[in-house]
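Asks: Encoded as structure tokens, here's the structure I'll be asking about.
The values are calculated or read from the model by the stated rules, or taken from the named source; none is laboratory data. None of these values were measured; they are calculated from a predicted model. Glycine gets a Cβ as well: all are built from the backbone with ideal geometry, and neighbour counts include every protein chain shown. All accessible areas refer to the heavy atoms of the entire protein, side chains included, with ligands and DNA or RNA removed. Shrake-Rupley method; radii C 1.70, N 1.55, O 1.52, S 1.80 Å.
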Amino acid sequence: MAYLPDFGILAQLLINGILLGGLYALIAFGLSVIYGVAGILNFAHGTILAMISIAAAILFESLRLPLAVILLVLTPAGFVFGWVFHKVLLSPLQAREPHQRTIGTVLVTVGALIIIGDVTAVLAGAEQRVIRLSSTFFEIGSVIVSGTQIGILVAVSVSMIALHLFLVMSWTGSSIRAVAQNRIGAALCGADASNTSAMTFAIGASIVAIAGVLYVISYPVNPYSGFPLTVKAFSIILLGGVGNLPGTLIAGLFLGVAEAFVAFYWAPQWAPAISIIIVLGGLLLFPGLARTRRAA
């Protein structure tokens, strides 16, 4: 008799994978917008998330602030951090030759990755932190879903929709999309490419701030947890397309579900490597994935 999988287990893994994949997609959204508009490979993206996650845990543990208040505090803080980061460290590189600019941004963001991680470890400690919430659990057959999971999925969905509407309906969003499609043409139409790049970087940092608060609710974070998340985000935007938000969402969900199934049916230690395996396999089977795609 052929082996039949337990559909309750499959449904539980699918739900857990969608939760994780939604967080991955939200993390990758910020990086995708930054690279699609400013052309910056921000290797410090995940480390910024780790820093903000730890700040959120400290605010929750020390001051007992509600999560909504923590989001209201850290989201604009992430925006300001991103704006200053770009203006101080990245804007001076824009006048360089293209290859010098690319190498310079990689060196700056890798250096920032190391410095942010070390400074966070010195100030907050190197131990793992997580926000533990009391939650109601809902049982549907053999599937268990927590109220926290539902809340995170709602917050991720609202954030994605808000970002999409901002890019489509606002003047700043139109400027961002114009610069992403044709930097010179956008400048001729009156768009300030330099300020748009800084704004985009700041928006990406605010998105990762939201993702950081939501991530630390479910998964432990330490100051050095960020780089693996950056690698996953790069993998997602490579699969989904640079600046392609629907593609990024699909790729993020696919990666999260794949990790959940690999961890359960194979071995947990293989789950973090699945993003690299998927990308390498995709590039071998579909070489066109290597071409960046920018969506309006």
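Asks: So which residues in the range 114-156 are over 18 Å from I48 (Cβ atoms), of a type in the set (G, A, S) and touching a residue at least 24 places away in the same chain (Cβ under 8 Å)?
Replies: G141, S142, A155
Asks: May I ask you to list the residues in the range 109-119 that are crowded, with 16+ Cβ neighbours inside 10 Å and out of contact with any Phe, Trp or Tyr (no Cβ under 9 Å at 6 or more places or on another chain)?
Replies: Listed by number, the list holds a single entry, I116.
Asks: Could you run through the range 43-58 and say how many residues are of a type outside the set (A, V, I, L, M), in a helix (DSSP H, G or I) and surrounded by fewer than 24 Cβ atoms within 10 Å (Cβ to Cβ)?
Replies: Number satisfying all stated conditions: 0.
Asks: Let me ask something else. Taking the conditions exactly as written (surrounded by 21 or more Cβ atoms within 10 Å (Cβ to Cβ), outside any helix (DSSP H, G or I) and β-branched (V, I, T)), does I40 satisfy them or not?
Replies: Yes, satisfied.
Asks: Counting just the residues of the range 209-227 that are hydroxyl-bearing (S, T, Y) and assigned to a helix (DSSP H, G or I), which one comes out least open to solvent (accessible area, probe 1.4 Å)?
Replies: Restricting to residues being hydroxyl-bearing (S, T, Y) and assigned to a helix (DSSP H, G or I), the top hit is Y215.
Asks: In the range 119-130, what residues are on the phi < 0 side of the Ramachandran plot, out of contact with any helix residue (DSSP H, G or I) (no Cβ under 8 Å at 6 or more places or on another chain) and in a loop (DSSP other than H, G, I, E, B)?
Replies: Matches in the range 119-130: A126, E127, Q128.
Asks: May I pose another question? I'm told L65 meets every condition in (1) at pLDDT below 95; (2) in a helix (DSSP H, G or I) except one. Can you identify the failing condition by its number?
Replies: (2)
Asks: Follow-up. Find the residue count for the range 120-149, including only residues that are of a type in the set (K, R) and modelled with pLDDT of 90 or more.
Replies: Going through the range 120-149 one residue at a time, the tally reaches 1.
Asks: Give the range 228-241 a look and list any residue that's farther than 12 Å from N42 by Cβ, assigned to a helix (DSSP H, G or I) and not aliphatic (A, V, I, L, M), or say none.
Replies: Within the range 228-241, P228, K232, S235, G240 qualify.
Asks: Also, I was wondering about something else. Looking at the structure I just gave you, is L133 part of a helix (DSSP H, G or I) and of a type outside the set (G, A, S)?
Replies: no
Asks: Condition first: modelled with pLDDT of 85 or more, surrounded by 20 or more Cβ atoms within 10 Å (Cβ to Cβ) and over 16 Å from G204 (Cα atoms). Now tell me which residues in the range 150-180 satisfy that.
Replies: Answer for the range 150-180, where residues must be modelled with pLDDT of 85 or more, surrounded by 20 or more Cβ atoms within 10 Å (Cβ to Cβ) and over 16 Å from G204 (Cα atoms): I152, A155.
Asks: Mind checking which residues of the range 251-271 are out of contact with any helix residue (DSSP H, G or I) (no Cβ under 8 Å at 6 or more places or on another chain) and not polar (S, T, N, Q)?
Replies: Passing the criteria: Y265, W266, A267, P268.
Asks: Same structure, new question: Give the range 139-149 a look and list any residue that's surrounded by 12 or more Cβ atoms within 10 Å (Cβ to Cβ) and part of a strand (DSSP E or B), or say none.
Replies: Within the range 139-149, V143, I144, V145, S146 qualify.
Asks: Condition check: open to solvent by less than 60 Å² (accessible area, probe 1.4 Å), in contact with a strand residue (DSSP E or B) (Cβ under 7 Å, 6 or more places away or on another chain) and touching a residue at least 40 places away in the same chain (Cβ under 8 Å). Does V106 satisfy that?
Replies: No; evaluated as a whole, the condition is false for this residue.
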